1. Quote the charge dipole size of region 2-61 about the Cα centre in Debye, to the nearest 20; the model charges only the Cβ of Lys and Arg (+1) and of Asp and Glu (-1).
2. At 0.36 nm per residue, minus the direct Cα-Cα distance, what do ALA22 and THR4 gain on full extension? Give it in nm, one decimal, please.
3. How high is the FRET efficiency between ALA11 and ILE50 when r is their beta carbon distance and R₀ equals 22 Å, given to the nearest 0.05?
4. With everything on Cα atoms, drop me the angle between helix 22-33 and the longest principal axis of the chain, reported from 0 to 90° to the nearest 10.
5. Which ³J(HN,Hα) values in Hz, rounded to whole numbers, follow from the phi angles of region 43-53 under the Karplus curve 6.51 cos²θ - 1.76 cosθ + 1.60, where θ = phi - 60° and Gly and Pro get x?
6. With a probe of 1.4 Å, find how much accessible area region 2-61 has per residue, and write the answer as a whole number in Å².
7. If you take the square roots of the eigenvalues of the alpha-carbon gyration tensor of the chain and sort them as a ≥ b ≥ c, do you get rounded (a/c under 1.5), prolate (a/b over b/c) or oblate?
8. Could you calculate the contour length gain from TYR58 to ASP43, that is, 0.36 nm times the residue separation minus the distance between their Cα atoms, to one decimal place in nm?
Amino acid sequence: MEVTIGVQNLAREIVVDTDLSAEAVATAVADALGGAPALELTDTRGRRVIVPTASLGYVEIGTEEPRRVGFGSL
């Protein structure tokens, strides 16, 4: 699943490709906004991405279905 994080005062977005479910990501975001000092996610390669809660602009949670590739995907 692809998660896009917008950070205040930063022109680029942070894109994290994670194995977490949409509910798990939404829970992590809600915990961060509820008083946790940072939003922490782990990507598919095992790298941790930590964004301070005060810097969060927005979080976009992608769909859980895999992308279709090839000519038959139309």
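1. 260
2. 5.2 nm
3. Values: r = 20 Å, r/R0 = 0.90.
Plugging the Cβ-Cβ distance into 1/(1 + (r/R0)^6) gives 0.65.
4. 20
5. Each residue of region 43-53 in turn: 7, 5, 8, x, 7, 9, 10, 10, 10, x, 4 Hz.
6. 64
7. Judged from the Cα gyration tensor, the chain comes out prolate (a/c at least 1.5, a/b above b/c).
8. 3.6 nm is the gain from fully extending TYR58 to ASP43.
The values are calculated or read from the model by the stated rules, or taken from the named source; none is laboratory data. A quick note: this is a predicted structure, and the numbers were derived from the prediction, not measured. Here Cβ is always computed from backbone atoms with ideal geometry, including for glycine, and neighbour counts include all displayed protein chains. Note: accessible area is taken over every heavy atom of the protein model, side chains too, but ligands, DNA and RNA are not part of it. Shrake-Rupley method; radii C 1.70, N 1.55, O 1.52, S 1.80 Å.
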